Amino acid sequence: MKKKILALEDDDINQELIELYLMDDYEIKIVSSVAEAINAISESSYDLVISDLNLGTDSKSDGIFFLKYLRSDHKFKHIPIVAYSGYITPNMSNENDFDACISKPITKSDFLKTIANVIEQH
């Protein structure tokens, strides 16, 4: 059975890229807003979340807000989260409780390796 991944990404091109990279090995659901992501994770269980960090100017609509939402709810705090952004800093995983960070632009091999490693660890 394929592992289920929820991806929060607002850019159409990056959505297509994520889907192309993951569709052979994982069951993937892609959403473009925090509201859609909260709705999706409330309706179904996921083995991993990939979240873009920069989704807009409103702090209640970015990836960090979504991470804090997941980590604050006992139903979701066990789900591994991979940050996916062009704004990754060296200590971002430790500072924000991400399980891994992927910096844009990405290569398919690095992306798949990171996702597989995080899933394997959990």
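The values are calculated or read from the model by the stated rules, or taken from the named source; none is laboratory data. No experiment lies behind these values; they were computed from the predicted model shown. Every residue, glycine among them, receives a Cβ derived from its backbone with ideal geometry; neighbour counts consider all protein chains shown.
Of the residues examined, residue 30 is one that is within 11 Å of the chain's Cα centre (by Cα), more than 13 Å from residue 115 (Cα to Cα) and buried (at least 17 other Cβ atoms within 10 Å of the Cβ). Within the stretch 15-34, residues that are on the phi > 0 side of the Ramachandran plot have Cβ atoms under 9 Å from residues that are crowded, with 19+ Cβ neighbours inside 10 Å and of a type outside the set (Lys, Arg) in no pair, counting only partners at least 6 apart in sequence or on another chain.
Across the stretch 1-10, the qualifying residues are those that are basic (Lys, Arg) and in a strand (DSSP E or B), and the one among them that is nearest to residue 67 (Cα to Cα) is 4. Look at the stretch 67-81: where a residue is touching a residue at least 12 places away in the same chain (Cβ under 8 Å) and a partner is surrounded by fewer than 17 Cβ atoms within 10 Å (Cβ to Cβ) and assigned to a helix (DSSP H, G or I), sitting 6+ places away or on another chain with Cβ atoms under 9 Å, you get 76/42; 76/69; 80/121; 81/71. Residue 122 meets each of the listed conditions (1) at pLDDT 85 or above; (2) farther than 21 Å from residue 25 by Cβ apart from (2). Condition test on residue 48, is it over 12 Å from the mean Cα position of the chain (by Cα), in contact (Cβ under 8 Å) with a residue 24 or more places away in the chain and within 20 Å of residue 104 (Cβ to Cβ)? No; evaluated as a whole, the condition is false for this residue.
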